[in-house]
Amino acid sequence: MVEKTIMTHTESIPIDESPLHLKKVSRIKHIILQKYLPSWTRILGSWNKRLCYFDCYAGPGIYEFEGKPVDGSPIIAVRTAKDYLTSNMGNELVLFFVEKDKKHQVSLGKELGKCGPYEQGLRIHLMSEDAREFVSGLLDQVPNLAPSFFMVDPYGHPLSIPILNKILKRPITEALINFMFYRINMDASNPKVQHHLDEMFGDDDWRKQDFLKESGNVREEGFLQYFLSKINAKYKFFFRIRFDSEDCVSSGRTKYYLVHASNHPKAVLLMKEVMWPLGDDEGLFDFSGRRQGVLFSPSPQEEDLQNFLTQRYHGKKIPFDTLREETWDLPFIEKQYRSAIKKMRNENLLAINPVTSKTDRGLKGQDLVLFY
């Protein structure tokens, strides 16, 4: 049985049947969500009977991309939920789609109708509300949430940082946040709209930061790090999105950052695995839609990982998973750690003591790595 909460007065709103056009730099966030959610549901659903997904700026549910219709984030979530519940009967997945725009609501309602029939345990709520008011009210009224994933993808400013921090304060809760750097950076220099940044940060301390006196990459890096510093999550992993070739802005400039915020190492390691191959070059977490088109930084090399591990863990013993968790912010994924460590073993720089693995040929989990 699927439970829907759809505002009936929106049914009379006329809607253009042509889906909105989606650029490559917007499509990439849907791809990330599509690759991440199945693993998220599988891992958390293995020990939680109930999960929640919140799409705070849900959109119309369908777009046109390269001449073909493609799913928006709500439909991606529904398809993931159907697959998950088919394999996990008796579990429950609650989806909240918050969309204030009436035409988008009608379009999304139609797309949701096409996704049926729905599995037992799937609950869908389509909310005709402002995301800031809805999320703030929800957190005030509901003392405990099931493990939850929040998609925070506005056209302008995201939910305020105080609201984001209320979200992330809940146990086993994470968020994928669209930090619209280009728009926010422009607003920071415009006295008429600077109050929007006051609202986003929850105060006006951002106005006193030294990075505002800078320009170019120094200003951008300062702004990003300031934003990240205000988010109360242990792990904040970001993916840079440049302007699309369709935009009338240099493709070398940053349009927005996708920031994944969580408090569990397995969440950030999983997101890193998803994001790693999607950049213009693997391992750079930087996307413009042009493979090797605008990037100047070299891709990270496995030798760099070997050198880092040798210096940091010289003379130490550490489980393989713990090692990856402690170095989560490095631009490398599990297979590269495994390859680098095995090469170092072959060069007699370390030893591997199997714990999780059944033979000394494996390397995973609690297998001990002993650095010489």
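Along Cα→Cβ, 7 Å out, is where each label goes; now give me the distance between the ones at GLU214 and GLN141 in nm to one decimal.
The answer from the label model is 4.4 nm.
Could you pull out every residue, at least 5 positions away or on a different chain, whose amide H is within less than 5 Å of the one on SER288? Hs are placed 1.01 Å off N in the peptide plane, and Pro or chain starts have none.
ARG242, ASP280
So if I take the centroid of the Cα atoms in the range 301-348 and the same for the range 125-180, what is the distance between those two points in Å?
36 Å
List the residues whose amide H sits under 5 Å from the amide H of GLY61, counting only those 5 or more places along or on another chain, with H placed 1.01 Å from N in the peptide plane.
Residues meeting the criterion, in which the H sits 1.01 Å from N, are GLY72.
Mind counting lysine pairs for me in the range 50-192? Cα separation below 18 Å, and the two need to be 8 or more apart along the chain or on different chains.
7
Compute the distance from the alpha-carbon center of the range 62-89 to that of the range 217-285, in whole Å.
24 Å
Compute the acute angle (0 to 90°) between the alpha-carbon long axis of helix 24-45 and the principal axis of greatest extent of the alpha-carbon atoms of the chain; round to the nearest 10°.
70 degrees
Taking Rh as the Kirkwood radius computed over C-alpha pairs, what is the Stokes-Einstein D of the chain at 4 °C in a medium of viscosity 1.567 mPa s, expressed in µm² per second?
58 µm²/s
Taking a temperature of 37 °C and a viscosity of 0.692 mPa s, what whole-number D in µm²/s does Stokes-Einstein yield for the range 215-272 with Rh from Kirkwood over alpha carbon pairs? Walk me through the numbers before you get to the answer.
Details: Rh = 12.8 Å.
Approximately 256 µm²/s, per Stokes-Einstein.
For LEU363, LEU284, what's the largest-to-smallest order of accessible area, 1.4 Å probe?
Details: LEU363 5, LEU284 40 Å².
If we order LEU363, LEU284 from most to least accessible, we get LEU284, LEU363.
To the nearest 0.05, how large is the calculated FRET efficiency for LYS110 and ILE43 if R₀ is 35 Å and r is the Cβ-Cβ distance?
That gives a FRET efficiency of 0.65.
Evaluate the distance, in nm, between pseudo-label points positioned 7 Å from the Cα of SER245 and of LYS100 along their respective Cα→Cβ axes.
3.6 nm
Net charge around ASP83, counting only other residues with Cβ within less than 14 Å of its Cβ (Lys, Arg = +1; Asp, Glu = -1)? Mind dumping the intermediate values first?
Details: positive: LYS35, ARG42, ARG79, LYS82; negative: ASP71, GLU119.
Here the count lands on +2.
Note down the net charge around LYS358, summing +1 for each Lys or Arg and -1 for each Asp or Glu among other residues with Cβ under 15 Å from its Cβ.
Working: positive: ARG361, LYS364; negative: ASP360, ASP367.
That sum, taken over residues with Cβ under 15 Å, equals 0.
I'd like the accessible area for ILE172: 1.4 Å probe, protein heavy atoms, all chains in place, Å² to the nearest 10.
70 Å²
How much mean residue ellipticity at 222 nm does the chain get from its helices, if each DSSP H run of length 4 or more adds -39500 (n - 2.57) and you divide by all residues, to the nearest 500 deg cm²/dmol? It would help to have the intermediate numbers written out before the result.
Details: 12 runs with 143 residues, N = 372.
After summing the helix terms and dividing by residue count, I get -12000 deg cm²/dmol.
Provide the solvent-accessible area of SER189, counting protein heavy atoms only and rolling a 1.4 Å probe, rounded to the nearest 10 Å².
Ignoring ligands and nucleic acids, SER189 comes out at about 80 Å².
Which aspartates and glutamates, on any chain, are close to LYS236 with Cα under 12 Å apart, when same-chain ones fewer than 8 places away are left out?
GLU174, ASP329
How far, in degrees from 0 to 90, does helix 334-346 lean away from the longest principal axis of the Cα atoms of the chain, to the nearest 10?
The helix 334-346 is inclined about 0 degrees to the chain.
Hey, if you put +1 on the Cβ of every Lys and Arg and -1 on every Asp and Glu Cβ in the range 233-349, which of PRO300, SER339, PHE238 ends up farthest toward the positive end of that dipole?
Projecting each Cα onto the dipole axis, the largest value belongs to SER339.
If the viscosity is 1.002 mPa s and the temperature 20 °C, what Stokes-Einstein diffusion coefficient in µm²/s follows for the range 256-372 when Rh is the Kirkwood radius over Cα pairs?
In µm²/s, the coefficient rounds to 140.
Give me the angle, in degrees from 0 to 90, between the Cα long axis of helix 131-141 and the longest principal axis of the Cα atoms of the chain, rounded to the nearest 10.
The angle comes out at about 80 degrees.
Work out how much length PHE308 to ASN353 would gain on full extension: take 0.36 nm times their residue separation and subtract the Cα-Cα distance, in nm to one decimal.
Roughly 14.1 nm would be gained on extension.
Quick one: in the range 42-101, what % of C-alpha pairs are over 13 Å apart?
Across the range 42-101, Cα pairs with separations above 13 Å total 64 percent.
The values are calculated or read from the model by the stated rules, or taken from the named source; none is laboratory data. All of these numbers come straight from a predicted model, not from anything done at the bench. FYI the Cβ positions are ideal-geometry reconstructions off the backbone, even for glycines, and counts take in every protein chain you see. Accessible surface is based on the protein model in full, side chains and every heavy atom, while ligands, DNA and RNA are left aside. Shrake-Rupley method; radii C 1.70, N 1.55, O 1.52, S 1.80 Å.
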